[in-house]
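Trainee: Pasting a structure here, questions to come.
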Amino acid sequence: MARWWGMGRGDIDATIAQVGFNVAQMIVPIFLLAPVGIPLAFSVGHLLPGYALGFLAGSAGLTGLAIRLAKREGRVDVTAHVYGNNVPAIIAYTLSIIVPVYLQSHDEVRAWQIGAAAVVWTGIIKLLAAPFAGTIRRLIPVPASMTVFGAAMYSYLALVLLQRIFDQPLVGIIALAIVAISVLANVPITSWKIPPFIVAWTVPLTVGLSLGYVRPMWQGISPSLPLVASFGPLRAMGMALPYFSVIVPMAIYQVLQDIASVEGATAAGDNYDARLVVAWDGVGTLVCGAAGSVITPVVYAMHPPYKAMGARTGFAVWTPIIFAVVVMSGLTIFIAQLFPWPILAAMIAYVSVGVGIATLRRVDRKYLSAVLLGFVLPAGAVVTAAVNSALPALKLSAANPEVQAALNRSIYWSSLQGLGSGFLFLVLVVGSLITEAIDRNFGNAAIWCLIAAAFSWLGMMHSAIVRWGAQPMYAAGWLAAAAIVYSARWWRGDLDPA
């Protein structure tokens with residue numbers, strides 16, 4: 001049995017990618033909050049440290065699951081689940097909770113405490129959902145769960161981040177070329193077979209440094225704990241309740257992504273217990289919030305490409321340790337500058353392709369229509385996320401009637417919000433509906449339409465807020481769809497109407 005902490009070629013590549021992803025994405029809230037007036041020093045000292053502790057806790061649990069699976073099956077090729085921070089949640093909690101609280105109170109401490117409390121609530125919801133994860137996984141048709149898996153990481157992740165290859169075209173294209181040849185085309189780099197992600201990071205980074213595009217600013221080492229020593233986030237849990245319209249859909253979305261990630265791992269040959277995976281994610285998330293972080297982790301749907309890359313369990317051990325050292329040394333901002341987005345986006349290109357391939361391989365050809373439609377549904381979420389990120393920087397608000405009218409005239413804003421809000425629920429419903437219809441299970445297909453109607457009425461789909469009667473027209477549409485779908489059993493004479 002190989003040492004579970006060992007670092008083979010694949011684990012080295014995975015560690016480089018994971019450290020880069022987590023550091024680069026963790027500092028997103030800092031730049032989203034700076035335009036509204038929250039000082040950089042406050043954000044660095046309060047919003048970020050606790051994530052390192054939660055990341056370490058969740059990763060330890062997921063690594064333990066991988067070690068147990070390897071021992072139980074007598075295998076050395078088990079790959080641990082990929083864990084890290086969640087970009088949609090980072091954006092949603094920052095822009096929909098922290099920013100409104102700060103603009104109303106002008107109190108950065110209060111805004112931080114409520115944001116961290118939202119993460120605590122997210123962890124609690126995940127833990128409550130964990131015992132039912134296996135049941136949820138069995139009830140969702142495999143083509144639908146794989147479509148959610150692909151939509152989350154092949155479509156959404158790629159559409160949000162791949163354009164950043166061209167933040168600096170020369171650096172990005174060099175990184176993309178190295179990834180394309182050495183990883184996608186599987187051409188070894190020299191007879192020594194140097195880990196390709198090392199080359200895809202160091203070569204374009206050197207170019208970026210020589211061009212002056214990458215200018216790391218050394219701010220010295222300032223040791224700190226991976227937490228904020230305050231009970232403020234726990235005391236603020238009551239104040240976070242009005243933001244359940246943001247918290248609950250995001251938590252359920254993350255549970256669905258965890259389950260989809262388990263399905264992806266099964267497709268790659270590693271059969272995990274979905275209940276335990278969701279539970280350890282819940283533990284990690286709860287620790288993050290209690291330690292003061294406003295950043296939620298999630299299980300990445302990257303298992304198949306990481307396994308294909310040769311990653312096992314070593315990367316899951318060393319990534320959170322290296323990350324904790326970075327955070328505790330106070331070098332977060334400095335290290336983040338060494339992972340510019342043109343390089344990370346080129347690595348994401350590989351990950352996205354790997355997820356897409358895993359989805360298509362897992363799904364029978366007759367269900368490909370469900371998958372392909374599911375792949376394009378995240379477009380609304382991508383556009384709405386981009387607009388919601390841009391408006392505060394322009395000192396505008398989508399709630400302003402004039403801004404809203406302009407957006408509706410130019411990009412059909414209301415329709416985009418309907419498509420983008422709760423988009424993974426929409427992907428799940430549409431994928432399940434088509435799958436059941438292909439299998440001629442029209443009753444089950446109609447049930448999925450009824451679920452969509454309920455989600456729409458409660459605001460968990462097609463709505464930015466959760467409330468009773470949130471989207472009555474969408475709910476009515478899905479009720480009509482249920483009737484149409486159920487009536488399909490009478491459309492052909494070869495089906496028994498009973």
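The values are calculated or read from the model by the stated rules, or taken from the named source; none is laboratory data. Because the structure is a prediction, the values reported are computed rather than measured. Because the Cβ atoms are built from the backbone with ideal geometry, glycine has one as well, and the counts that use them run over all protein chains shown. Please note that ligands, DNA and RNA were not included when accessible areas were found on the heavy atoms of the full protein model with its side chains. Shrake-Rupley method; radii C 1.70, N 1.55, O 1.52, S 1.80 Å.
Trainee: Rounded to the nearest whole Å², what accessible area per residue is found for the stretch 318-415 with the 1.4 Å probe?
Mentor: Counting only protein heavy atoms, the per-residue value for the stretch 318-415 is 45 Å².
Trainee: Put a dot 7 Å past each Cα toward the Cβ at residue 186 and residue 202; how far apart are the dots in nm?
Mentor: In this crude spin-label approximation the distance works out to 2.5 nm.
Trainee: All other residues with a Cβ under 11 Å from the Cβ of residue 274 taken together, and with Lys, Arg as +1 and Asp, Glu as -1, what is their net charge?
Mentor: Summing Lys/Arg as +1 and Asp/Glu as -1 gives -1.
Trainee: State the Cα centre-to-centre distance between the stretch 266-316 and the stretch 87-110 in whole Å.
Mentor: The stretch 266-316 and the stretch 87-110 have Cα centres separated by 26 Å.
Trainee: Which listed residue (162, 150, 109) has the Cα farthest towards the positive end of the charge dipole for the stretch 17-165, taking +1 on Lys and Arg C-beta and -1 on Asp and Glu C-beta about the Cα centre?
Mentor: Ranked along the dipole, the leading option is 150.
Trainee: I've got another one for you. May I ask you to give the solvent-accessible area per residue for the stretch 85-160, in square angstrom, as obtained with a 1.4 angstrom probe?
Mentor: On a per-residue basis, the stretch 85-160 sits at 33 Å².
Trainee: Can you give the net charge of the other residues whose Cβ lies under 10 Å from the Cβ of residue 264, counting K and R as +1 and D and E as -1? Write down the numbers at each step before the final one.
Mentor: Details: positive: 307, 362; negative: 263, 270.
Local charge sum for residue 264: 0.
Trainee: Measure off, as a whole percent, the carbon and sulfur share of the 1.4 Å-probe accessible area of the chain, all protein chains present. Write down the numbers at each step before the final one.
Mentor: Details: 13700 of 20290 Å².
Whole-percent figure for carbon plus sulfur exposure: 68.
Trainee: Long-range amide H contacts for residue 83: which residues qualify at under 5 Å (H placed 1.01 Å from N, peptide plane, sequence gap of 5 or more or a different chain)?
Mentor: 300
Trainee: Output wanted: per-residue J couplings in Hz (rounded whole) for the stretch 453-458, from phi through Karplus 6.51 cos²θ - 1.76 cosθ + 1.60, θ = phi - 60°, x for Gly and Pro.
Mentor: Running phi through 6.51 cos²θ - 1.76 cosθ + 1.60 with θ = phi - 60° gives 4, 5, 4, 5, 5, 7 Hz.
Trainee: A follow-up question, please. Which whole-Hz couplings ³J(HN,Hα) result when phi for each residue of the stretch 407-413 is put into the Karplus expression 6.51 cos²θ - 1.76 cosθ + 1.60, θ = phi - 60°, listed in order with x for Gly and Pro?
Mentor: With the stated coefficients, the stretch 407-413 comes to 5, 5, 5, 9, 10, 6, 4 Hz.
Trainee: Then there's this: Give or take rounding to whole Å, what are the principal axis extents of the alpha carbon atoms in the chain, in descending order?
Mentor: 73, 57, 42
Trainee: For the stretch 1-118, just the Cα atoms, rotate onto the principal axes and tell me the three extents in Å, largest first.
Mentor: 57, 24, 21
Trainee: On to the next question. How many angstrom lie between the C-alpha centres of the stretch 372-424 and the stretch 1-75?
Mentor: 30 Å
Trainee: Need the full-extension length gain, residue 76 to residue 454, defined as separation in residues times 0.36 nm minus the C-alpha distance. One decimal, nm.
Mentor: Details: separation 378, 0.36 × 378 = 136.08 nm, distance 4.52 nm.
Net length gain for the segment: 131.6 nm.
Trainee: Here is a follow-up. Within the chain, which is the longest segment that contains none of the chymotrypsin sites (Phe, Trp or Tyr not before Pro) sitting in a DSSP loop with at most 11 other Cβ atoms within 10 Å? Could the numbers behind the result be given before it?
Mentor: Numbers: sites that count: 192, 218, 231, 468, 491.
Here the longest segment lacking exposed loop sites spans 232-467.
Trainee: Post the alpha-carbon centroid distance, the stretch 111-168 to the stretch 343-363, in whole angstrom.
Mentor: Using only Cα atoms, the two centres lie 16 Å from each other.
Trainee: Quick one: net charge of residue 70's neighbours, Cβ under 10 Å, K/R +1, D/E -1?
Mentor: Working: positive: 68, 71, 72, 75, 312; negative: 73, 77, 270.
My count for the surroundings of residue 70 gives +2.
Trainee: Find the accessible area per residue for the stretch 195-292; the probe is 1.4 Å, ligands and nucleic acids are left out, and the unit is Å². Could you put the intermediate results ahead of the total?
Mentor: Working: 4050 Å² over 98 residues.
I get 41 Å² per residue for this part.
Trainee: Shape of the stretch 236-391 from its Cα gyration tensor (a ≥ b ≥ c, root eigenvalues): rounded if a/c is under 1.5, otherwise prolate when a/b > b/c, or oblate? Provide the component values of the computation, followed by the final result.
Mentor: Working: a/c = 1.41, a/b = 1.22, b/c = 1.16.
Because its axes are fairly even, with a/c under 1.5, the stretch 236-391 counts as rounded.
Trainee: Now, a different point. ³J(HN,Hα) across the stretch 236-250 via Karplus (A = 6.51, B = -1.76, C = 1.60, θ = phi - 60°), whole Hz, x for Gly/Pro?
Mentor: Listing the rounded values in order: 8, 4, x, 5, 7, 4, x, 9, 4, 4, 8, 5, 5, x, 5 Hz.
Trainee: Here is a follow-up. Among the lysines, which have Cα under 28 Å from the Cα of residue 71 when same-chain residues fewer than 8 positions away are ignored?
Mentor: Cross-link targets: 126, 307.
Trainee: Counting other Cβ atoms within 10 Å, which trypsin sites (Lys or Arg not before Pro) in the stretch 40-98 have at most 15 and lie in a DSSP loop?
Mentor: Values: sites: 68, 71, 72, 75; in loops: 75.
Filter output for the stretch 40-98: 75.
Trainee: Follow-up. What spacing in nm lies between the two simple spin-label points modelled at residue 393 and residue 408, each 7 Å away from Cα in the Cβ direction?
Mentor: Simple spin-label model gives 2.7 nm for this pair.
Trainee: Between residue 476 and residue 135, what length comes free when the chain is fully extended (0.36 nm per residue of separation minus the Cα-Cα distance, one decimal in nm)? If you can, show how the numbers build up before the last one.
Mentor: Values: separation 341, 0.36 × 341 = 122.76 nm, distance 2.84 nm.
Gain on extension, residue 476 to residue 135, equals 119.9 nm.
Trainee: How high is the relative contact order of the chain? Use alpha-carbon pairs under 8 Å, at least six apart in sequence, and give a whole percent. Present the calculation step by step, with values, prior to reporting the outcome.
Mentor: Values: 920 pairs, mean separation 135.0, N = 498.
Relative contact order for the chain comes out at 27 percent.
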